[in-house]
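Here is the structure we will look at, set down as structure tokens.
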Amino acid sequence: MTDFDVRSLTARASAEAGRRWPGAYVSDPEPLPGGVSSLTYRALLHRPSNADLPIVVKMAPPGLTAVRNRDVLRQARILRALSAAEGVPVPEIVFEDPGDPDDLDTPPMFAMTLVPGQSYEPLLDVAASPPTAAEIGIRAVAAARALARMQNIDPAALVADTETPVRLADELDRWQRLLGTVEDDIAPGHADLHAALVRRMPRPVPPTLVHGDYRLANMLFAGDALTAIIDWEIWSIGDPRADLAWLLMHTDPVHRFRITRPDADIVAGQGMPSAEVLLAAYREIRAAPMPDIDWFLAYCLYKTASTLAVLIKRNRRRPDPDPTLEVAASSLAEVIARGRDILAGAEQQSLPARQ
């Protein structure tokens, strides 16, 4: 964003804060990394007779219709709905500004509390001060239990009837369409994995709230305490096994972004529990059957291949390619092979015993 844009964002946020607390204003905006679907800034909210409150301001990109993952007010709605849920911590909504629906240059925005904590993916990220292996173990179990508590909530208590549950077949088609746009050498073998997924399409289970990218990197932890689940851009109502398998996949991710990582990060990653441990922690809170979880693990690998393949395609065209995506490109064949192996193993187990 330009300086003018930042000043405009601050002015709009100050006006909205002033409507709620006369005399309040917002200052010191600083861009936060990581977001791709919205403009995200940390800032300070000054209120008369109150201590300054660190906040995060999210605004839909100017010039684009605020739909799907750019619909920041939809994100605010699910955060409000979850704020009363016990054991599912999320940032608190501070204020909202609907913008001007007739002017794409005045998009919607909202502000939420800036929750303290560290965001860190144990087997992929690099940090100046990574957590200890013991902290990682506790964090991962806490994430599994929070997911179970979230999925125990009746989705009708969270969202309006206008939220149509996402069909698994539609999601699979979405990732196939993306893979159809990339060169064959980027994700070799993806068509075979897709065919195997279609052949073993599981029966649906009752839908729940789905985060869409449920893993430790999209949570904040203070030490080993879960302080917030963040990044709700792609939430939906859908199959609970998608979030569960995404979390389990990150206990042993095949994709990578770095050839080597510092020793302290390697040690931290060694604390990541196995998928079996996390599944057991999840089942302590949620007793609903989770059949065909192997299919969902393979599906998550296919989704990973799809999303990374598009990024790699774009990276190839850049004059200064991102080296982390060049490393990711070298791992995609292995990602797809892991998915095929998982489904092949499941099919073998389902065959009747030979007499």
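The values are calculated or read from the model by the stated rules, or taken from the named source; none is laboratory data. This one's a predicted model, so the numbers in the text were calculated from it and none came from an experiment. Please note: Cβ atoms are built from the backbone with ideal geometry, for glycine as well, and neighbour counts cover all protein chains shown.
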Any chance D71 is closer than 30 Å to G271 by Cα, modelled with pLDDT of 95 or more and under 17 Å from the mean Cα position of the chain (by Cα): no
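Hey, among E30, E96, which residue is among the acidic types (D, E), assigned to a strand (DSSP E or B) and within 30 Å of I153 (Cα to Cα)? So that I can check it myself, show each step before the final result.
Numbers: E30 fails: within 30 Å of I153 (Cα to Cα).
So the residue among E30, E96 that is among the acidic types (D, E), assigned to a strand (DSSP E or B) and within 30 Å of I153 (Cα to Cα) is E96.
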Residue satisfying all of: in region 1-50; charged (D, E, K, R) and modelled with pLDDT of 90 or more; nearest to the chain's Cα centre (by Cα) among these: R42
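What's the total number of residues in region 251-278 that are within 19 Å of S306 (Cβ to Cβ) and touching a helix residue (DSSP H, G or I) at 6+ places or on another chain (Cβ under 7 Å)? Don't jump to the end; show me each part of the working.
To start, the set of residues in region 251-278 that are within 19 Å of S306 (Cβ to Cβ) comprises 253-257.
Filter once more, keeping what is touching a helix residue (DSSP H, G or I) at 6+ places or on another chain (Cβ under 7 Å): 254-257.
Residues that pass the stated criteria total 4.
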P89 passes all but one of the listed conditions (1) of a type outside the set (F, W, Y); (2) farther than 30 Å from E284 by Cβ; (3) touching a Ser or Thr at 6+ places or on another chain (Cβ under 8 Å); the exception is number (2)
